[in-house]
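To keep things clear, I will list the structure first and then write my remarks on it.
Nothing in this text is a laboratory measurement; each read-out follows from the coordinates by a stated rule. Since the structure is predicted, the reported quantities are computational estimates derived from the model, not experimental observations. Note: ideal-geometry Cβ built from the backbone for every residue, glycine included; neighbour counts use all protein chains shown.
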Amino acid sequence: MRIGRRLQGLAISDIRSMTRACDAVGGINLGQGVCDLPTPPPVALGAKRAIDEGRAIYTAPEGIAPLREAIAAKLERRYGLRYDPRDEVLVTAGATGGFAAACMALLEPGDEVILFEPYYGYHYNTLVALGLRPVLVPMLPPDWAFDAAAFDRAVTSKTRAVVLCTPSNPSGKVWSRAELALLAERLEAHDLWAITDEIYEHFVYDDAVHVPLASTGVARERCVLLGGFSKTFSVTGWRLGYLCAPPEAARAINVCNDLLYVCAPTPLQWAAVEGLAMPEDYYVELQQSYARKRRVLCDALRAAGLEPYEPQGAYYVLADVRSLKKATAKEASMAILERCGVASVPGTSFFVDPVGETLARFCFAKEDSVLEEAARRLRTL
Ligand code: GLN
């Protein structure tokens, strides 16, 4: 059987295979970032109402106007970022769908794209699937610092774009204003696009603040900003995200958005309008509850001898699994699953660097009772 050459090295991610392994033993899944908290009532009711009212047909590929307006209003309110909802905002099939459409529209096979390591595997593999070449710039533990000189060394005459994920999945790094300013300078100097995945924007801890790269200096004209509702409203299965970009880029990306997805699910778009109308308290409580969950998980990992790298943002923790004395991260993750029924994702899903073999990623987007049970089990390791 013939398979496209660029797809030959690709397989379904370890994020999903660990979910299967976890389901097989009835374990607690801290692997895949599924976020199984209840859907906020206004969001759930909004979806039900839209279905009852028969809002079932295609929307325009760019999504319904009230949602694009609400997205633009939110970005202006939070970050002072102005996007025109008429031609600079698209509703997408998740941030993942927005990412694929943006790469397909703005880049050409053979182009090089810089990713920071640890990277989110879907970013890396989507680039590969589209015939693009990911080039890694390491940001390694313990401090995940941005090395501007390493970035400059990674740029070649074929580099066209950089992918930024802040707050980062999986490291939890939140890029500082100073780091973003350095990166913004490089976009100009090397004439690059930046595709910024900001799906975890509301998940920041201690004194970390989320800043979009697009709000830094003149970077806006070079940025494709991706966000979504999966994490914010705990609806990972709804596949609803958005993308903001200057008009010409947005127009090209929307052609791909249409070809790939036609439009995002119609009733769910109406539900997101209700979600974005929720008051600021919602986000404050979200942050406080996730800060508590982070503490529960990090304390348990530390007690288990799996030293955590405490994240500043997002809802994952990378932990050092060397104390388990396994040859690979996959074996370490499987040993944790077998010994205490808690699933994680091997660090190798996020690294080419061998440090990936010493790490596993644990997700804390779980109901408190489930997370506490997982913490109790981890402590028995
Ligand atoms: N973003 C989530 C994670 O990193 C889920 C990815 C997925 O299952 N496709 O786990």
Radius ratio Rg over Rh of the stretch 236-381, counting only Cα atoms, Kirkwood formula for Rh: 1.09
Cα gyration tensor, the stretch 184-235 - rounded (a/c under 1.5), prolate or oblate: oblate
Most fluctuating residue given options G305, G356, G228, as computed from a GNM of the chain linking Cα atoms under 10 Å: G305
Residue order, fewest to most beta carbons within 10 Å, for S17, S323: S323, S17
Neighbour net charge for A343 - beta-carbon separation under 10 angstrom, K R +1, D E -1: 0
Cα-based shape type of the stretch 92-138, given that a ≥ b ≥ c are square roots of the gyration tensor eigenvalues and the cut on a/c is 1.5: oblate
Most fluctuating residue given options L259, L359, L213, as computed from a GNM of the chain linking Cα atoms under 10 Å: L259
Dipole magnitude (debye, nearest 20) for the stretch 219-282, charges at Cβ of Lys, Arg, Asp, Glu: 220
Normalised alpha carbon radius of gyration of the chain [divisor 2.2 N^0.38 Å]: 0.96
Order of V342, V25 under a 10 Å beta carbon neighbour criterion, fewest first: V25, V342
Mean ellipticity per residue at 222 nm, deg cm²/dmol - from DSSP H runs of n ≥ 4 across the chain, formula -39500 (n - 2.57): -13000 deg cm²/dmol
Normalised alpha carbon radius of gyration of the stretch 281-363 [divisor 2.2 N^0.38 Å]: 1.14
For M1, M104, order by how many other beta-carbon atoms lie within 10 Å, fewest first: M1, M104
Cα gyration tensor of the stretch 99-240 - equivalent ellipsoid semi-axes, whole Å, descending: 22, 19, 14
Cα-based shape type of the stretch 1-65, given that a ≥ b ≥ c are square roots of the gyration tensor eigenvalues and the cut on a/c is 1.5: oblate
Net dipole in debye of the stretch 212-323 [+1 Lys, Arg Cβ; -1 Asp, Glu Cβ; about Cα centre; nearest 20]: 240
Difference of contour (0.36 nm per residue) and Cα-Cα distance, A291 to R6: 98.5 nm
Whole-angstrom gap from the stretch 1-39 to the stretch 273-301, using each part's C-alpha centre: 25
